[in-house]
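*Asks:* One structure coming up, written as structure tokens, with questions to follow.
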Amino acid sequence: MRILLTVASRHQGTWEIGEVIAARLRERGHVVDQCAPEDVTTVADHDAVVLGSAVYTAHWLPTARDFADRHADELRARRVWTFSSGLATQPANSANSPLEVAALRERIGSRAHRSFRGRLDRSVLSFTERAIIAGGRAREGDHRDMAAVAAWADEIADALASDAPPVTQVAQRPVVAARHA
């Protein structure tokens, strides 16, 4: 089965969660295309989609929200899972705007949403980000549980194995837009 894994990440911590998901799904026999949401031109050639975003100031990153809006019709026709990665000291569901994530999940037909703890490295943050983090009293360090991430990827693989046959596509189209220097 061909899966699009698209992850919005500001400082690569959430992207690395996506890499663990992609690796586990590949181990389970799936073809996985991993790319940033802004690089996706179509989801038409994929049977399933996993969409993830880092959470900043209680919101998903704009590129993930824009992806969901641009491809909502295509996503509703596929099996979709979503995930968030939030503050290092609390699961993302505590940092997320619950109504915003619920509305996004409903709009795209997400089967499930998982929240994961994140990674905090103050040295890569902007002044504004450091100020926000200071107010939240977040602890520096890598608080991600990659075993839990891999277990969730296994849940996705199990669901895909027990679901109806994949969507068939007539024509292959590029997954990502060409970038210009």
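*Asks:* Report ³J(HN,Hα) in whole Hz for each residue of region 49-55, in order, from the Karplus equation J = 6.51 cos²θ - 1.76 cosθ + 1.60 where θ = phi - 60°; Gly and Pro get x.
*Replies:* Working through the residues one at a time gives 9, 10, 10, x, 8, 6, 10 Hz.
*Asks:* Can you sort ARG79, ARG111, ARG65 by how many other beta carbons sit within 10 Å, fewest first?
*Replies:* Ordered by Cβ neighbours within 10 Å, fewest first: ARG111, ARG65, ARG79.
*Asks:* 5 Å is the cut-off here: which amide hydrogens, built 1.01 Å from N in the peptide plane, fall below it relative to ARG79, excluding neighbours closer than 5 in sequence?
*Replies:* Residues meeting the criterion, in which the H sits 1.01 Å from N, are VAL49.
*Asks:* Right, another one. Using the Karplus curve 6.51 cos²θ - 1.76 cosθ + 1.60 with θ = phi - 60°, what ³J(HN,Hα) values do you get for each residue of region 67-81, in whole Hz, with x for Gly and Pro?
*Replies:* 4, 4, 5, 5, 10, 3, 5, 5, 5, 4, 8, 10, 7, 10, 10
*Asks:* Can you compute the modelled spin-label distance between ASP73 and ARG28, with each label point 7 Å from Cα toward Cβ, in nm?
*Replies:* About 3.0 nm, to one decimal.
Every number here is computed from the coordinates shown, using simple stated rules; none is lab data. Computed from a predicted structure; not experimentally measured. Because the Cβ atoms are built from the backbone with ideal geometry, glycine has one as well, and the counts that use them run over all protein chains shown.
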